[in-house]
Ligand SMILES: [Zn+2]
Ligand SMILES: [Zn+2]
Ligand SMILES: [Zn+2]
(Lines give C-alpha, C1' and ligand atoms only; values in the text may rest on other atoms or scores of the structure.)
(Ligands and ions follow the chains in the order given, each with its own letter.)
Protein backbone atom coordinates (compact mmCIF):
# COMPACT_ATOMS: atom_id res chain seq x y z
CA UNK A 1 0.00 0.00 0.00
CA UNK A 2 2.40 2.61 -1.11
CA UNK A 3 -0.05 4.72 -3.00
CA UNK A 4 -2.89 6.69 -1.57
CA UNK A 5 -5.85 7.13 -3.80
CA UNK A 6 -8.98 9.15 -3.58
CA UNK A 7 -11.81 6.88 -2.60
CA UNK A 8 -14.69 7.58 -5.02
CA UNK A 9 -13.15 6.46 -8.32
CA UNK A 10 -11.58 3.39 -6.69
CA UNK A 11 -14.85 2.19 -5.23
CA UNK A 12 -16.61 2.65 -8.54
CA UNK A 13 -13.95 0.53 -10.17
CA UNK A 14 -14.24 -2.11 -7.49
CA UNK A 15 -17.96 -2.29 -7.99
CA UNK A 16 -17.48 -2.80 -11.69
CA UNK A 17 -14.88 -5.45 -11.07
CA UNK A 18 -17.14 -7.23 -8.61
CA UNK A 19 -19.83 -7.41 -11.26
CA UNK A 20 -17.39 -8.73 -13.80
CA UNK A 21 -15.99 -11.25 -11.35
CA UNK A 22 -19.47 -12.54 -10.64
CA UNK A 23 -19.87 -13.15 -14.35
CA UNK A 24 -16.75 -15.32 -14.34
CA UNK A 25 -14.58 -12.62 -15.85
CA UNK A 26 -11.38 -11.67 -14.06
CA UNK A 27 -11.41 -8.07 -12.93
CA UNK A 28 -8.26 -7.22 -14.85
CA UNK A 29 -9.65 -8.16 -18.24
CA UNK A 30 -11.40 -4.84 -18.73
CA UNK A 31 -8.17 -3.02 -17.93
CA UNK A 32 -6.23 -5.20 -20.35
CA UNK A 33 -8.68 -4.49 -23.15
CA UNK A 34 -8.81 -0.75 -22.57
CA UNK A 35 -5.08 -0.18 -22.13
CA UNK A 36 -3.14 1.45 -24.90
CA UNK A 37 0.04 -0.45 -25.58
CA UNK A 38 3.20 0.19 -27.57
CA UNK A 39 3.82 3.73 -26.45
CA UNK A 40 7.35 4.58 -25.34
CA UNK A 41 7.91 4.16 -21.62
CA UNK A 42 8.22 7.47 -19.81
CA UNK A 43 10.50 5.92 -17.21
CA UNK A 44 12.92 4.57 -19.81
CA UNK A 45 13.21 7.07 -22.64
CA UNK A 46 15.96 6.32 -25.09
CA UNK A 47 16.28 2.68 -24.14
CA UNK A 48 16.04 0.29 -27.06
CA UNK A 49 13.29 -1.93 -25.63
CA UNK A 50 11.16 0.74 -24.04
CA UNK A 51 7.87 0.15 -25.80
CA UNK A 52 5.10 -0.59 -23.30
CA UNK A 53 3.92 -3.99 -24.39
CA UNK A 54 3.51 -5.71 -21.04
CA UNK A 55 0.53 -6.06 -18.75
CA UNK A 56 0.68 -7.35 -15.18
CA UNK A 57 -2.19 -9.51 -13.98
CA UNK A 58 -1.14 -9.17 -10.37
CA UNK A 59 -0.87 -5.39 -10.35
CA UNK A 60 -4.03 -5.03 -12.41
CA UNK A 61 -4.76 -1.53 -13.55
CA UNK A 62 -2.88 0.33 -10.87
CA UNK A 63 -1.18 3.44 -12.19
CA UNK A 64 0.47 2.45 -15.47
CA UNK A 65 -1.19 -0.68 -16.81
CA UNK A 66 1.19 -0.92 -19.74
CA UNK A 67 4.90 -1.03 -19.08
CA UNK A 68 8.14 -1.92 -20.76
CA UNK A 69 10.74 -4.65 -20.59
CA UNK A 70 12.84 -2.76 -18.06
CA UNK A 71 9.87 -1.94 -15.85
CA UNK A 72 9.03 -5.60 -15.83
CA UNK A 73 12.40 -6.64 -14.50
CA UNK A 74 12.38 -3.88 -11.90
CA UNK A 75 8.87 -4.13 -10.56
CA UNK A 76 7.07 -7.22 -11.84
CA UNK A 77 9.75 -9.90 -11.94
CA UNK A 78 7.75 -12.28 -9.76
CA UNK A 79 4.34 -11.34 -11.17
CA UNK A 80 2.23 -12.88 -13.88
CA UNK A 81 2.84 -10.69 -16.89
CA UNK A 82 1.23 -10.94 -20.30
CA UNK A 83 3.15 -9.71 -23.30
CA UNK A 84 1.11 -7.92 -25.93
CA UNK A 85 2.15 -8.39 -29.54
CA UNK A 86 1.09 -6.69 -32.71
CA UNK A 87 -0.40 -7.95 -35.88
CA UNK A 88 -1.12 -5.36 -38.54
CA UNK A 89 -1.25 -2.65 -35.87
CA UNK A 90 -3.70 -4.59 -33.74
CA UNK A 91 -2.95 -5.93 -30.27
CA UNK A 92 -2.82 -9.68 -29.89
CA UNK A 93 -1.80 -12.06 -27.12
CA UNK A 94 -0.46 -15.56 -27.38
CA UNK A 95 -2.89 -18.28 -26.44
CA UNK A 96 -0.23 -19.98 -24.32
CA UNK A 97 0.14 -16.85 -22.20
CA UNK A 98 -3.53 -16.35 -21.39
CA UNK A 99 -5.29 -19.70 -21.60
CA UNK A 100 -4.50 -20.54 -17.97
CA UNK A 101 -5.77 -17.28 -16.57
CA UNK A 102 -8.68 -16.60 -18.89
CA UNK A 103 -11.54 -18.49 -20.44
CA UNK A 104 -10.87 -17.98 -24.12
CA UNK A 105 -13.47 -20.45 -25.31
CA UNK A 106 -15.33 -19.29 -28.41
CA UNK A 107 -12.73 -16.74 -29.46
CA UNK A 108 -11.20 -17.11 -32.92
CA UNK A 109 -7.49 -17.84 -32.79
CA UNK A 110 -5.01 -17.16 -35.55
CA UNK A 111 -1.53 -18.47 -36.24
CA UNK A 112 0.80 -15.53 -36.68
CA UNK A 113 4.56 -16.02 -36.84
CA UNK A 114 4.00 -19.68 -35.99
CA UNK A 115 2.34 -18.80 -32.67
CA UNK A 116 -1.34 -19.12 -31.95
CA UNK A 117 -2.75 -15.75 -30.93
CA UNK A 118 -6.04 -14.01 -30.32
CA UNK A 119 -7.02 -10.40 -30.73
CA UNK A 120 -7.71 -8.25 -27.72
CA UNK A 121 -10.33 -6.07 -29.30
CA UNK A 122 -12.72 -5.83 -32.17
CA UNK A 123 -11.03 -4.42 -35.27
CA UNK A 124 -12.54 -1.83 -37.54
CA UNK A 125 -13.95 -3.49 -40.58
CA UNK A 126 -13.59 -2.46 -44.19
CA UNK A 127 -16.72 -0.88 -45.51
CA UNK A 128 -18.14 -0.89 -48.97
CA UNK A 129 -17.28 -3.10 -51.87
CA UNK A 130 -13.94 -4.74 -52.37
CA UNK A 131 -12.16 -7.99 -51.85
CA UNK A 132 -12.41 -7.90 -48.07
CA UNK A 133 -16.13 -7.21 -48.09
CA UNK A 134 -16.70 -10.00 -50.56
CA UNK A 135 -14.69 -12.34 -48.40
CA UNK A 136 -16.68 -11.40 -45.33
CA UNK A 137 -19.97 -12.05 -47.06
CA UNK A 138 -18.74 -15.43 -48.20
CA UNK A 139 -17.71 -16.60 -44.74
CA UNK A 140 -20.16 -18.92 -43.02
CA UNK A 141 -18.96 -17.83 -39.59
CA UNK A 142 -19.33 -14.41 -38.07
CA UNK A 143 -18.62 -12.80 -34.75
CA UNK A 144 -21.85 -12.72 -32.77
CA UNK A 145 -21.14 -9.22 -31.54
CA UNK A 146 -19.52 -7.23 -34.35
CA UNK A 147 -20.30 -9.46 -37.32
CA UNK A 148 -16.72 -9.81 -38.48
CA UNK A 149 -16.15 -12.81 -40.71
CA UNK A 150 -14.32 -15.60 -38.93
CA UNK A 151 -12.15 -18.33 -40.37
CA UNK A 152 -13.46 -21.11 -38.20
CA UNK A 153 -16.66 -21.87 -36.32
CA UNK A 154 -15.90 -19.63 -33.35
CA UNK A 155 -18.36 -17.25 -31.73
CA UNK A 156 -16.24 -14.15 -31.30
CA UNK A 157 -13.51 -12.32 -33.17
CA UNK A 158 -11.76 -11.11 -30.04
CA UNK A 159 -11.66 -11.10 -26.26
CA UNK A 160 -13.44 -7.77 -26.34
CA UNK A 161 -16.45 -9.14 -28.20
CA UNK A 162 -16.58 -12.14 -25.90
CA UNK A 163 -16.60 -9.81 -22.91
CA UNK A 164 -19.57 -7.92 -24.34
CA UNK A 165 -21.45 -11.19 -24.65
CA UNK A 166 -20.52 -12.33 -21.14
CA UNK A 167 -21.72 -9.07 -19.66
CA UNK A 168 -25.01 -9.36 -21.51
CA UNK A 169 -25.52 -12.86 -20.23
CA UNK A 170 -24.71 -11.78 -16.74
CA UNK A 171 -27.24 -9.00 -17.04
CA UNK A 172 -29.95 -11.51 -17.87
CA UNK A 173 -28.94 -13.77 -15.03
CA UNK A 174 -28.90 -10.93 -12.56
CA UNK A 175 -32.40 -9.92 -13.63
CA UNK A 176 -33.60 -13.49 -13.27
CA UNK A 177 -32.07 -13.75 -9.83
CA UNK A 178 -33.75 -10.56 -8.73
CA UNK A 179 -37.10 -11.91 -9.82
CA UNK A 180 -36.52 -15.18 -7.97
CA UNK A 181 -35.32 -13.40 -4.85
CA UNK A 182 -38.25 -10.99 -4.64
CA UNK A 183 -41.04 -12.53 -2.53
CA UNK A 184 -43.87 -13.23 -4.93
CA UNK A 185 -42.51 -10.61 -7.31
CA UNK A 186 -43.18 -12.57 -10.44
CA UNK A 187 -44.39 -9.75 -12.67
CA UNK A 188 -41.40 -9.94 -14.95
CA UNK A 189 -42.15 -13.52 -15.86
CA UNK A 190 -43.57 -14.01 -19.32
CA UNK A 191 -46.39 -16.16 -18.00
CA UNK A 192 -47.37 -13.68 -15.32
CA UNK A 193 -50.22 -15.67 -13.79
CA UNK A 194 -48.18 -18.81 -13.24
CA UNK A 195 -47.14 -19.81 -9.76
CA UNK A 196 -43.47 -19.18 -8.99
CA UNK A 197 -41.31 -22.27 -9.51
CA UNK A 198 -44.07 -24.87 -9.65
CA UNK A 199 -41.78 -27.81 -10.29
CA UNK A 200 -39.49 -27.33 -7.33
CA UNK A 201 -42.31 -26.70 -4.91
CA UNK A 202 -44.35 -29.64 -6.04
CA UNK A 203 -41.53 -32.10 -5.77
CA UNK A 204 -40.68 -31.01 -2.27
CA UNK A 205 -43.92 -29.91 -0.71
CA UNK A 206 -46.76 -32.06 -2.04
CA UNK A 207 -47.50 -34.98 0.23
CA UNK A 208 -47.18 -38.30 -1.40
CA UNK A 209 -50.47 -40.06 -1.86
CA UNK A 210 -50.43 -43.82 -1.70
CA UNK A 211 -51.24 -45.14 -5.16
CA UNK A 212 -53.51 -47.91 -3.90
CA UNK A 213 -55.34 -45.98 -1.25
CA UNK A 214 -58.84 -47.40 -0.69
ZN1 LIG B 1 9.79 1.24 -18.51
ZN1 LIG C 1 3.12 -6.51 -11.34
ZN1 LIG D 1 -16.24 -9.21 -32.90
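Which count do you get for residues in region 78-110 that are within 16 Å of ligand 2 (Cβ to nearest atom), touching a strand residue (DSSP E or B) at 6+ places or on another chain (Cβ under 6 Å) and part of a loop (DSSP other than H, G, I, E, B)?
The number of residues fulfilling the criteria is 1.
Rundown of residues vs (1) exposed (fewer than 15 other Cβ atoms within 10 Å of the Cβ); (2) under 17 Å from residue 165 (Cβ atoms); (3) outside the structural domain of residue 58 (by TED's automatic domain parsing); (4) at pLDDT 90 or above, yes/no style:
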site: 95; (1), (2), (3), (4): no, no, yes, yes
site: 107; (1), (2), (3), (4): no, yes, yes, yes
site: 111; (1), (2), (3), (4): yes, no, yes, yes
site: 114; (1), (2), (3), (4): yes, no, yes, yes
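Can you name the residue in region 30-53 that is within 16 Å of ligand 2 (Cβ to nearest atom) and not in a loop (DSSP other than H, G, I, E, B) and is also surrounded by the fewest Cβ atoms within 10 Å (Cβ to Cβ) among such residues?
Among residues in region 30-53 that are within 16 Å of ligand 2 (Cβ to nearest atom) and not in a loop (DSSP other than H, G, I, E, B), the one surrounded by the fewest Cβ atoms within 10 Å (Cβ to Cβ) is 31.
The values are calculated or read from the model by the stated rules, or taken from the named source; none is laboratory data. Because the structure is predicted, anything quoted here is derived from the model rather than measured. In this analysis, Cβ positions are derived from the backbone assuming ideal geometry, glycine residues included, and neighbour counts consider all displayed protein chains.
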